[in-house]
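The values are calculated or read from the model by the stated rules, or taken from the named source; none is laboratory data. These numbers come from a predicted model, not from an experiment. Methodologically, a virtual Cβ is constructed for each residue, glycine included, from the backbone with ideal geometry; neighbour enumeration extends over all protein chains shown. Note: accessible area is taken over every heavy atom of the protein model, side chains too, but ligands, DNA and RNA are not part of it. Shrake-Rupley method; radii C 1.70, N 1.55, O 1.52, S 1.80 Å.
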Amino acid sequence: MFAKAFRVKSNTAIKGSDRRKLRADVTAAFTTLGTDQVSELIPGKEELNIVKLYSHKGDTVTVYASGGNPILFELEKNLYPTVYTLWSYPDLLPTFTTWPLVLEKLVGGADLMLPGLVVPPAGLPQVQKGDLCAIALVGNRAPVAIGVAALSTTEMLAAGLKGRGFLVLHTYQDHLWQSGDKSSPPSIAPSVQDTTDVSEEKVQEDMKGLALQGAEDGKGEANQADGEKSLPETSEDGSAQDLSPGPTDGKSKQEQMDDLLQQCFLQALKCRVKKADLPLLTSTFLGSHMFSCCPEGQQLDIKKSSYKKLSKFLQHMQQEEIVQVKELSRGVESIVAVDWKHPRITSFIIPEPSLTSQTVQEGSREQPYHPPDIKALYCVPASMTLLFQQSGYKKGSTLEASEVRASVIDYAKKNDLVDANNKNLVKLDPILCDCILEKNEQHTVMKLPWDRLLSRCLEKLQPAHQVTFAGQEPIVKKGKICPIDITLGQRAYNKKVTVVRNLEAYGLDPFSVATILQQRCQASTTVTPVSQAKDSLQVQIQGNQIHHLGQLLLEEYRLPRRYIQGLEKAPKPGKK
């Protein structure tokens with residue numbers, strides 16, 4: 001459900017009465033929770049928000065967020081816990097176990113098939129068809145997904161553990177999880193009765209039978225050969241471990257980030273940067289070139305490397321004589337020279353896409369953003385109904401400018417209002433007078449040129465607009481579409497902050513935009529409700545990041561400049 005980005009409709013603080021109702025609903029839905037646990041999950045005074053959103057398939061979902069993390073979501077009046085909640089209450093739902101290899105497929109939108117289950121010595125949990133269940137990985141009881149049982153336990157066993165087992169609703173690493181603090185599952189030891197004695201033969205047998213079936217939203221079927229090639233080794237305690245050789249073996253997360261940084265740096269120089277691009281701002285090099293070279297499924301974060309800052313990393317690359325960096329203006333560094341014959345660049349091999357990413361069906365990938373088609377429309381008010389009814393329009397009808405023009409011309413010709421001596425003039429009858437003239441003009445203006453007549457008609461009509469997203473029905477709304485609004489604010493200690501609003505009107509998810517800007521700007525970002533705007537969120541980025549915003553909105557998202565205001569506030573070259 002959350003394998004692809006969703007669209008937020010509103011984000012509001014919960015009311016006292018709604019908080020009490022939510023407590024009652026949680027108590028009724030999850031009977032294993034005691035009173036103290038319900039009060040802990042739904043605190044009496046701490047901040048709790050209600051977020052209404054639309055999934056990529058159009059489902060309306062209500063999410064309850066506490067402390068910045070989604071804790072529950074409601075779909076069709078059914079309440080579901082998120083993985084964040086299940087990590088605090090791992091026994092809340094009956095839990096089934098699968099292999100670590102399967103997680104990536106579940107995150108991509110796949111359902112869990114029965115051959116992928118690991119049966120513990122105590123047997124499978126007893127559930128009925130339609131029961132809500134948790135899914136954990138071998139060796140750790142912390143759930144990584146929740147789903148609905150497609151069969152009862154008895155039916156699963158009778159089917160020989162073949163076929164679809166669970167319809168997966170939410171997983172660790174999906175977009176709902178990404179809207180929280182993005183923490184990893186805690187390590188929770190399996191109970192004794194659930195500890196599986198996993199032999200190598202058993203692993204081979206189970207993995208050969210592993211199959212994942214996808215639904216229409218891009219859920220892919222697990223590649224059996226991929227499963228056989230990636231069979232997990234098992235530790236003495238029976239937990240599955242992925243010991244396949246790779247570049248990250250034995251390396252700390254910081255060392256892995258250093259490797260990723262070097263890889264993206266070399267690939268950017270070898271594939272993207274050309275001599276004509278120099279001198280190149282180091283910030284542009286990072287945001288427009290290095291980030292684009294980051295492999296799918298990974299996130300480049302300099303702060304998590306040993307270098308901590310881009311300038312320090314580039315100093316090291318300069319010491320190796322790969323690049324030359326200079327401060328061409330005060331406080332602004334640029335790459336002024338690159339040694340493309342350096343052995344590290346010439347010997348660098350562009351990494352092939354991972355086997356997993358090759359076998360994932362195209363439908364399961366995040367679809368690229370396409371800007372909507374936006375049209376200005378005009379709504380017929382009651383005062384102008386008589387002018388347009390001859391063309392078949394009534395009060396509230398919406399017309400394009402060309403349709404307004406055609407209707408006015410048709411009205412004038414049918415009523416013989418075109419001046420016989422000057423075809424460029426139109427005589428004003430009582431209906432036209434009432435529609436377009438001011439009170440003080442009623443007895444003084446008798447004729448108008450065509451262009452002024454039409455422009456006055458457009459001014460008197462009520463503005464509206466139509467937004468059409470790719471593959472969706474057009475959406476018509478009253479009023480002019482609000483542009484994406486970029487402003488600069490001042491915070492404590494004279495620190496600047498960039499604020500961007502109205503992203504949702506253009507089909508952009510504020511949380512996704514915040515994540516991209518956080519990576520490119522290497523600055524903290526937050527998403528908060530817009531004050532005095534019920535259904536809107538704003539993204540705040542530390543510092544003046546309008547240059548990066550402009551690149552993202554204009555060059556990558558290809559939004560027309562007329563729909564963005566505030567780009568002129570970008571920092572001038574040479575200024576911080």
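Okay, residues lined up against (1) in the same structural domain as residue 434 (by the TED database); (2) at pLDDT 80 or above:
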residue	(1), (2)
455	yes, yes
476	no, yes
488	no, yes
491	no, no
498	no, yes
501	no, yes
521	no, yes
526	no, yes
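Just to check your reading of the model, which residue among 498, 526, 515 is open to solvent by 60 Å² or more (accessible area, probe 1.4 Å) and either within 30 Å of residue 174 (Cβ to Cβ) or in contact (Cβ under 8 Å) with a residue 24 or more places away in the chain (or both)?
526
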Residue that is surrounded by the fewest Cβ atoms within 10 Å (Cβ to Cβ), among those in region 307-343 that are at pLDDT below 90 and assigned to a strand (DSSP E or B): 327
Helices (runs of 4 or more DSSP H) fully within region 380-438 counting 3 or more residues that are modelled with pLDDT of 90 or more and open to solvent by 70 Å² or more (accessible area, probe 1.4 Å): 401-414
Single residue of region 109-139 satisfying the filter (among the small types (Gly, Ala, Ser) and crowded, with 21+ Cβ neighbours inside 10 Å) that is farthest from residue 170 (Cα to Cα): 139
Test: residue in region 38-48 that is open to solvent by less than 20 Å² (accessible area, probe 1.4 Å), more than 30 Å from residue 122 (Cα to Cα) and part of a strand (DSSP E or B): yes
Residue check, residue 64 buried (at least 17 other Cβ atoms within 10 Å of the Cβ), under 30 Å from residue 155 (Cα atoms) and either in contact (Cβ under 8 Å) with a residue 60 or more places away in the chain or assigned by the TED database to the domain that holds residue 166 (or both): no
Residue among 86, 106 that is within 16 Å of residue 188 (Cβ to Cβ), assigned by the TED database to the domain that holds residue 173 and surrounded by 23 or more Cβ atoms within 10 Å (Cβ to Cβ): 86
Filtered residues of region 499-512 (kept if more than 17 Å from residue 531 (Cβ to Cβ) and in contact with a strand residue (DSSP E or B) (Cβ under 9 Å, 6 or more places away or on another chain)): 505, 506, 507, 508, 509, 511
Those residues of region 118-144 which are assigned to a loop (DSSP other than H, G, I, E, B), over 15 Å from residue 165 (Cβ atoms) and of a type in the set (A, V, I, L, M, F, W, C), in sequence order: 122, 138
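Condition check ((1) modelled with pLDDT of 90 or more; (2) farther than 26 Å from residue 52 by Cβ) across all residues:
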| residue | (1), (2) |
| --- | --- |
| 77 | no, no |
| 80 | yes, no |
| 99 | no, yes |
| 116 | no, yes |
| 126 | yes, yes |
| 136 | yes, yes |
| 139 | no, yes |
Among residues of region 287-306, those that are open to solvent by 10 Å² or more (accessible area, probe 1.4 Å) and in contact with a Leu (Cβ under 7 Å, 6 or more places away or on another chain), counted: 3
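Working only within region 15-37, note down all residues that are open to solvent by 20 Å² or more (accessible area, probe 1.4 Å) and not in a helix (DSSP H, G or I).
The answer is 15, 31, 32, 34.
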